[in-house]
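Right, one structure below, let's go through it.
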């Protein structure tokens, strides 16, 4: 689907969400829209291959376009925070970012953003070091028997991704330390409470998606291959923060609903609505 077609469809029918199926940032956006019962068309983005279309859709709104992007009637939202606010404004359920909690939730958003940007280093370095993970990084429509032959392209695309985001693939210790420190902050905030605040909010979604960089959630919610699951897993942190992983799993079970949709190729779209 072209950039023009995306924008035209959004002005004539449902909002269009450009999403990367395994990305925790995209998962935040999908979760917020689904939670608020917002109907939307889901279009899967492919890194590197879909960059040209993404740049056309985003335009000059940001110097380094990335997903998720929500194209609505009259607006292009390029940030998961803005998409969550859009969901609250057009949704029917209790707000994920209540006005009285906007400041504290925004603070946790900034902390999570900074930490996850560093965590990209860990995942990208692990993918580059694993031939099977490189094979799994190709679009889903590429036949398995062909993937090893395309490994040089996969490696080039992964290194391109690292350059795009200015990743430091040498200093992984710092990224791991910052991730542990942020998880400790969340552990102290939760204590023995079911939620970070009085009820389920966007802050809990931030927490859940942060843990994707430590121990990916079950395939029932976000389907990834076994090699990619290894690349996204930090074994020492899994051991240290097992209590938070169990809390994440409970929050998914209680608030994510029955997730059965799998990622579609970038050229196709599906309709999302968790409340149908």
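The values are calculated or read from the model by the stated rules, or taken from the named source; none is laboratory data. Everything numeric here is computed off the predicted structure, so don't read it as measured data. A quick note on method: Cβ atoms are made from the backbone with ideal geometry, for glycine too, and the neighbour counts reach across all protein chains shown.
Overview of results
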{"item": "Residues of the stretch 164-192 classified as at pLDDT 95 or above and either more than 24 Å from residue 63 (Cα to Cα) or in a helix (DSSP H, G or I) (or both), total", "result": "19"}
{"item": "Residue check for residue 180: in contact (Cβ under 8 Å) with a residue 60 or more places away in the chain, touching a helix residue (DSSP H, G or I) at 6+ places or on another chain (Cβ under 9 Å) and crowded, with 18+ Cβ neighbours inside 10 Å", "result": "no"}
{"item": "Flag if residue 123 is in contact (Cβ under 8 Å) with a residue 60 or more places away in the chain, closer than 23 Å to residue 44 by Cα and either part of a helix (DSSP H, G or I) or not assigned by TED's automatic domain parsing to the domain that holds residue 19 (or both)", "result": "yes"}
{"item": "Qualifying residue in the stretch 148-161 (condition: closer than 17 Å to residue 45 by Cα, surrounded by 16 or more Cβ atoms within 10 Å (Cβ to Cβ) and over 18 Å from the mean Cα position of the chain (by Cα))", "result": "yes"}
{"item": "Matching residues in the stretch 126-141 - criterion: being part of a loop (DSSP other than H, G, I, E, B) and surrounded by fewer than 17 Cβ atoms within 10 Å (Cβ to Cβ)", "result": "129, 130, 139, 140, 141"}
{"item": "Top-ranked residue in the stretch 230-264 [being over 27 Å from residue 194 (Cβ atoms), surrounded by 15 or more Cβ atoms within 10 Å (Cβ to Cβ) and modelled with pLDDT of 95 or more; ranked as farthest from the chain's Cα centre (by Cα)]", "result": "230"}
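Residue-wise test of (1) exposed (fewer than 15 other Cβ atoms within 10 Å of the Cβ); (2) modelled with pLDDT of 95 or more; (3) under 14 Å from residue 31 (Cα atoms); (4) in contact with a strand residue (DSSP E or B) (Cβ under 6 Å, 6 or more places away or on another chain).
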{"position": "66", "(1), (2), (3), (4)": "no, no, no, no"}
{"position": "80", "(1), (2), (3), (4)": "no, yes, yes, no"}
{"position": "84", "(1), (2), (3), (4)": "no, yes, yes, no"}
{"position": "91", "(1), (2), (3), (4)": "no, yes, yes, no"}
{"position": "107", "(1), (2), (3), (4)": "yes, yes, no, no"}
